[in-house]
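To keep things clear, I will list the structure first and then write my remarks on it.
The values are calculated or read from the model by the stated rules, or taken from the named source; none is laboratory data. Since we're looking at a predicted model, the values are computed, not measured. Every residue, glycine among them, receives a Cβ derived from its backbone with ideal geometry; neighbour counts consider all protein chains shown. Note: areas computed on protein heavy atoms with side chains; ligands, DNA, RNA excluded. Shrake-Rupley method; radii C 1.70, N 1.55, O 1.52, S 1.80 Å.
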Amino acid sequence: MTAAERATRTEAADALCLGAYDAAGGPDTGVAMVAVGGYGRGELAPYSDLDVVLVADEGVDEELWRELASRVWYPLWDSGEKLDHAVRSLPEMLSAAEGDVRVASGLLDVRHVAGDHSLALRLRTTTLTHWRRQARERLPELRELVRSRHRLVGELAHLSLPDLKEAEGGLRDATVLKSLTATWLVDVPAADLERCRQQLLDVRDLLHDAAGRASDRIAPEHWAPLAEGLELPDEAAAQRYVRELGRRVTHLSRLAWRRTDDALRRTPAARPRRPELERVAPGIALSRGEIVLEAGTKPAADPVLLLRAAAEAAVRDVVLAPPTAARLVRECPPLPEPWPDEARQQLVRLLAAGPGLLPVWETLDETGALDRILPEWERIRLLPHASAIHRFTVDRHVVETCVEAAALIRDVSRPDVLVVAALLHDIGKGELTEHSIAGAPIARAIATRMGFGPHEVDLIAQLVRWHLLLADIATTRDPDDPATIDALLEHVDSLDALALLTALSEADAKAASPKAWSSWRAGLVLDLSRRARTALERGSAPPAFTVEEIPVPAGVVDGDVSIVVEPVVDGSRITVVALDRVGLLADVAAVFALRRVTVRAARLWAQGEYAVSVWDVAEAGLDPRALGDQLDAITSRRVDAAARLAARHVTGDLDPAVVVRPEASDHATVIEVRAADRLGVVHVVSAALAALDMTVRSAHISTLGPQAVDVFYVQEVAAGALSETRAAEAARAVRKAISSS
């Protein structure tokens, strides 16, 4: 009903303005009264101002139309209407639009009310023409204005006092989206946007009635009348309704601006007639900054495709195209229970992607994908936090915690456990039971369904149960009292668990608000963690690397290379046996990198004069002869692997961590490398060591979510372990090679 009432209010205002204009003797030509803003769009709320401008054409005597203006305004003031008015010539209007992007955007809604209709039409069409012609120059300015407003006001979905107009996801953003589509550079789902916009206008109308004045900010006392006006059962339902509208407009706005940025990067002449598809993963392609499906992909045959697409979009910090996500929700079969290894790996890649996670997660939420991936998400969706220190609703806070945790994965041995615990740490909220107690069994069930092993399931449940413990003890107990450490270690009994809890505590606090991780609080938490680590570290040296020997194929004795491919679940296992030499590992790793084969794990060891490596990869059906041919081309230097791999780099990588572990072996120097998991990492590391004439006697290569954790047992070619100086040289070379690759 409120849409009809807005139309009625607009008609009444038009009649009032037209009457005042006619009574003042306003001419039919040369001068026009136009409505702008909400009045121009016909969206007057009960207590809205009337935004009107008296416009005069070129050549009309200025004294006459300014005198006319005074005769028009007085009866409007006398009527009791609140008036926001201006008097401008047509050149002044166009000049103001040229000088201020806000004026230009606002004039796109100009509407004739009285006087010269052709003049009003000329103003509108000229403004629109200039807007489209100058879009590439003006949109960056508009973008910065929008960002500034968002920083100042906040996000509608999360504010304790939601601002329906100025907040991110509010009516101002909806109007900006209409301005973006008017440029013809980008498109926004028009029907969806208009539905949300009209519903927000309905809420504002009801808010004006409840407040008895013009107001865009919803105070606590307004939720009850809003619930009644919206025919919702209670205040909580009204809050959820409004916040969901804000979230939807925010999602559409972020999507539109990402597409705008992509359009601005491309020159008009460079735009292809057909979308260009770059294959980035099985079944997945990148087109104009958005993740879409490859031609011919059949989602019905691949239950992991949805997670794979989401992970690629997040890691690359690009858009997961909403139509693609919606299609995958419709057509992908359900994930089996427990999940296959790839599904778990892709979820971890998604969660550990950093800032790229948020827009992708929003798309998954908006398209219903989270109901399939994590049905328990509905428990916390749009759930307000009880604590005022939190700046977001519970679900958004959880995503922000994952973003913060992604920056800390270098500090833990199990980044996959960290990011999943970050996702689930507040899953128990919304019940009467304390949320960490309620959440632990839920997290255990989810982690089991995701296919984690018993040890990892226990760790995740432990982290969810005690995620508040470290911060609570650090801020309330005497750190010098031995009982303080005992209180922590009663529930955290390993170095791995302590490191994970420390990282989760930091991520959780930073996601809550800047005040929650002040320098004082951080110092207390990290100091207690260090003290607990010292207490646990006695006798904690890592075990030595051991392997079992395998038979050496006969042909290898004569200098051949043996490559055997065995099918395994979700991929292949490849065994390579050859005469050992400096640089062999780098060359074999280059084969997989150049063929875009994803290495999940690998082991390398020496058997006398032979080198054996076993690689677990994600791809099936690999041809051992093709692998051998490529290895021969690399070995003979007909193919420059380093040059070909140099350009392949995914943005957002964390700095590599390279650590020498002198306590780990008596016969070799152990170098532990943690770097972003991307094609070519193993090749880059082993090539850097080979360049220093160092030999890798054994290695253990594994992928933990988005992080490659590679342990190399390195020796001098004609001696044993590296000297302290050579070990430092190796670490510097490896770090430099990864950073510049």
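Which FRET efficiency, nearest 0.05, do SER118 and SER95 yield, Cβ-Cβ r, R0 22 Å?
Numbers: r = 20 Å, r/R0 = 0.93.
So, using R0 = 22 Å, E works out to roughly 0.60.
Using a simple spin-label model with points 7 Å from Cα along the Cα→Cβ vector, what separation in nm is obtained for ASP78 and THR29?
Going from the ASP78 label point to the THR29 one covers 3.1 nm.
On a full-extension model of 0.36 nm per residue, what is the gain between LYS515 and THR433, subtracting their alpha-carbon distance, rounded to one decimal in nm?
Working: separation 82, 0.36 × 82 = 29.52 nm, distance 2.64 nm.
Answer, rounded to one decimal: 26.9 nm.
What is the packing order of peptides 133-140, 106-113, taking the mean over residues of other C-beta atoms within 10 Å and listing the highest first? Walk me through the intermediate numbers first.
Working: 133-140: 15.5, 106-113: 21.1.
The densest-packed peptide leads the list: 106-113, 133-140.
Of LEU139, LEU121, LEU94, which is farthest towards the positive pole of segment 68-148's charge dipole, taken about the Cα centre with +1 and -1 on the beta-carbons of Lys, Arg and Asp, Glu respectively?
The residue sitting farthest along the positive end of the dipole is LEU139.
Expressed as a fraction of 2.2 N^0.38 Å, the rule-of-thumb size for a compact globular protein of N residues, what is the C-alpha radius of gyration of segment 342-437?
Details: Rg = 13.2 Å, N = 96, 2.2 N^0.38 = 12.5 Å.
After normalising by residue count via 2.2 N^0.38 Å, the value is 1.06.
Taking the solvent-accessible surface of protein heavy atoms with a 1.4 Å probe, what is the per residue accessible area of the chain in Å²?
Details: 32490 Å² over 741 residues.
Here the per-residue accessible area is 44 Å².
Mind putting a number on the dipole of segment 156-204 about its Cα centre? Charges go on the C-beta only, +1 for Lys and Arg and -1 for Asp and Glu, and I need it in Debye to the nearest 20.
Working: 6 positive and 8 negative charges, 27 e Å.
Using only the charged Cβ atoms, the result is roughly 140 debye.
What FRET efficiency do you get for ARG477 and GLU619 if R0 is 41 Å and r is their Cβ-Cβ distance, rounded to the nearest 0.05?
Numbers: r = 52 Å, r/R0 = 1.27.
Plugging the Cβ-Cβ distance into 1/(1 + (r/R0)^6) gives 0.20.
Using only alpha carbons, build the gyration tensor for segment 179-264 and give me the equivalent ellipsoid semi-axes, biggest first, whole Å. The partial results should precede the final answer.
Working: eigenvalues 187, 32, 22 Å².
Semi-axis lengths for segment 179-264 are 31, 13, 10 Å.
Kindly sort ILE550, ILE437 by accessible area of their heavy atoms, largest first, with the probe set to 1.4 Å. Walk me through the numbers before you get to the answer.
Details: ILE550 55, ILE437 85 Å².
If we order ILE550, ILE437 from most to least accessible, we get ILE437, ILE550.
In segment 352-454, which GluC sites (Glu not before Pro) fall in coil by DSSP and have 13 or fewer other Cβ atoms within 10 Å?
Details: sites: GLU362, GLU366, GLU376, GLU378, GLU400, GLU404, GLU431, GLU434; in loops: GLU431, GLU434.
Taking segment 352-454 and a limit of 13 other Cβ atoms within 10 Å, the loop GluC sites (Glu not before Pro) found are GLU431, GLU434.
Among all the aspartates and glutamates, which ones have a C-alpha under 20 Å from LYS736's C-alpha, if same-chain residues fewer than 8 places away are not counted?
Counting by Cα, and skipping residues close in sequence, LYS736 has these aspartates and glutamates nearby: ASP411, ASP587, ASP640, ASP653, ASP655, GLU672, ASP677, ASP693, ASP710, GLU724.
At a Cα cut-off below 21 Å, give the lysines reachable from LYS510, other chains included and same-chain residues fewer than 8 away excluded.
Those lysines meeting the cut-off are LYS429.
For segment 1-117, just run the numbers: alpha carbon Rg, then divide by 2.2 N^0.38 Å, N being how many residues it has. Display every interim value, and only then the final one.
Working: Rg = 13.9 Å, N = 117, 2.2 N^0.38 = 13.4 Å.
My calculation over the Cα atoms of segment 1-117 gives 1.04.
Ignoring ligands, DNA and RNA, what percent of the 1.4 Å accessible area of the chain is carbon and sulfur?
Working: 17040 of 32490 Å².
That share works out to 52 percent.
Excluding ligands and nucleic acids, what accessible area in Å² is computed for SER79 using a 1.4 Å probe, to the nearest 10?
60
Might you report the magnitude of the Cβ-based charge dipole of segment 66-140 about its Cα centre, with Lys and Arg at +1 and Asp and Glu at -1, to the nearest 20 debye? Walk me through the numbers on the way to the answer.
Details: 12 positive and 10 negative charges, 73 e Å.
For this selection, approximately 340 debye.
Run lengths n ≥ 4 of DSSP H only: what is the helix-derived mean residue ellipticity at 222 nm for the chain, with -39500 (n - 2.57) per run over all residues, to the nearest 500? Write out the running numbers ahead of the final one.
On the way: 29 runs with 373 residues, N = 741.
Helices in the chain give a 222 nm mean residue ellipticity of -16000 deg cm²/dmol.
According to a simple spin-label model (label point 7 Å from Cα along Cα-to-Cβ), what is the distance in nm between THR725 and ASP629?
Using points 7 Å along Cα→Cβ, the separation is 4.8 nm.
Please give every one of the lysines within straight-line cross-link reach of LYS165, meaning a C-alpha to C-alpha distance under 24 Å, and leave out same-chain neighbours fewer than 8 residues apart.
LYS82, LYS178
Using a simple spin-label model with points 7 Å from Cα along the Cα→Cβ vector, what separation in nm is obtained for ALA691 and LEU489?
4.4
Using amide H atoms built 1.01 Å from N in the peptide plane, name the residues 5+ places from ARG266, or on other chains, whose amide H lies under 5 Å from its own.
Answer set, sorted by chain and number: none.
Would you mind giving the three semi-axes, in whole Å and largest first, of the ellipsoid equivalent to the chain according to its Cα gyration tensor?
Details: eigenvalues 721, 199, 94 Å².
Equivalent-ellipsoid dimensions as semi-axes: 60, 32, 22 Å.
Against the longest alpha carbon principal axis of the chain, how many degrees, from 0 to 90 and to the nearest 10, is the axis of helix 305-316 turned?
For helix 305-316, the angle is close to 80 degrees.
Could you give the dipole magnitude of the chain about its Cα centre, charging the beta-carbon of Lys and Arg +1 and that of Asp and Glu -1, in debye to the nearest 20?
Working: 86 positive and 110 negative charges, 301 e Å.
Using Cβ point charges on Lys, Arg, Asp and Glu, the chain gives about 1440 debye.
Please list, in chain and number order, the residues 5+ apart from MET450 or on another chain whose amide H is under 5 Å from its amide H, with Hs placed from the backbone.
For MET450, the qualifying residues are TRP339.
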